[in-house]
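The values are calculated or read from the model by the stated rules, or taken from the named source; none is laboratory data. These figures come from a predicted structure and were not determined experimentally. FYI the Cβ positions are ideal-geometry reconstructions off the backbone, even for glycines, and counts take in every protein chain you see.
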Ligand code: GAL
């Protein structure tokens, strides 16, 4: 009787085993457990992640990585596809969600194929429940002369995003000064003190130039668009309206004439830290750290936060975003792009942990590391 029973189950067991063996490659698929700055970074399909100049949104337990989808060769410096989106729970392993914002086939669209669409960032608006994407936009065939910003929204984090408009921000608006900044930074409208102030005034009517950019949502849910303006000579920190799709007109200028690009920002213990780069196109240069107690400044230049070999060239990279790691204290990742303008799709990602020494922040090169580094510091 017992023997008979066993025999009856034998074929099923064999069948189950067979299914398991057939699915083994799926279960054995290597899960990444560390960051290797500068290496090829495979997504869940084994393809190198294609999200350059990107930023991260954390929403309901998932990290979403948005960035420029590049194609091969120099052609890849123009936008032929759109903004690529990936998601992850652990920051090492990324699932491809495809294109969140597509460039348009319509030659009359601002985001027609062949435009330049760079440094997309996404934030979530709690009131409207919309995901809002901003990016740097250059109109097709016009090089970098348009210097506009673009905005798109979606109902789901991974899109699809609907393009709303592109424009130059803050037309007709003068900078905001606090009591503190008014004393040292105030612009003389009648008699510009230098060439940079004249550039600002030149663009007062039509709106300010907007290129390299990031977004930041503060603890009070106010959001800011931070961008290189005035022929890349000055950073602007501009407040967004309640639904995050336009500017309020309140903004400040950071270090006019200092030519800071690639801004990335975070807040720790009530203090704002901003890291950017100099202005040398795709070629790397020393990173720059600024700190301030207020988002509108006065900002203080603190030098190059990178240390050791390669620090003078940011290890070959350029800042794009600073990612606060969830559920870990003082855990921030400096995200940079190592561009390959001759073969744009081959651009690499340099993710490195920020190291705090009191209020000071440093970046050190690491060949390979994992999030455990943040626990060891406590
Ligand atoms: C860099 C900028 C990039 C891209 C490039 C074009 O300075 O950070 O986003 O615009 O110039 O040369």
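When you scan region 353-373, how many residues do you find that are outside any strand (DSSP E or B) and either within 16 Å of residue 51 (Cβ to Cβ) or at pLDDT below 95 (or both)?
2
Checking residue 281 against (1) within 16 Å of the ligand (Cβ to nearest atom); (2) within 20 Å of residue 152 (Cα to Cα); (3) surrounded by fewer than 16 Cβ atoms within 10 Å (Cβ to Cβ): exactly one of these is not met. Which one?
(2)
If a residue has to be more than 19 Å from residue 122 (Cα to Cα) and either in a strand (DSSP E or B) or more than 12 Å from the ligand (Cβ to nearest atom) (or both) to count, how many in region 313-327 make the cut? Talk me through it step by step, then tell me what you get.
From region 313-327, those more than 19 Å from residue 122 (Cα to Cα) are 313-318, 327; that's our starting set.
With either in a strand (DSSP E or B) or more than 12 Å from the ligand (Cβ to nearest atom) (or both) added as a condition, the list becomes 313, 315-316, 318, 327.
So the answer is 5.
I'm checking my understanding of the structure. Among residues of region 196-222 that are exposed (fewer than 14 other Cβ atoms within 10 Å of the Cβ) and free of Cβ contacts under 8 Å to residues at least 12 places away in the same chain, which one is farthest from the chain's Cα centre (by Cα)?
Out of the qualifying residues, it is 198.
Any residue at all in region 341-352 that is part of a helix (DSSP H, G or I), in contact with a strand residue (DSSP E or B) (Cβ under 7 Å, 6 or more places away or on another chain) and in contact (Cβ under 8 Å) with a residue 60 or more places away in the chain?
Scanning region 341-352, I find no residue that is part of a helix (DSSP H, G or I), in contact with a strand residue (DSSP E or B) (Cβ under 7 Å, 6 or more places away or on another chain) and in contact (Cβ under 8 Å) with a residue 60 or more places away in the chain, so the answer is no.
Filter region 178-222 down to the residues that are modelled with pLDDT under 95 and not in a loop (DSSP other than H, G, I, E, B) and list them by number.
Result: 179, 180, 181, 182, 183, 184, 185.
Collect the residues in region 292-307 that are buried (at least 18 other Cβ atoms within 10 Å of the Cβ), touching a residue at least 24 places away in the same chain (Cβ under 8 Å) and not in a loop (DSSP other than H, G, I, E, B), keeping them in residue-number order.
Within region 292-307, 306 is the sole residue that qualifies.
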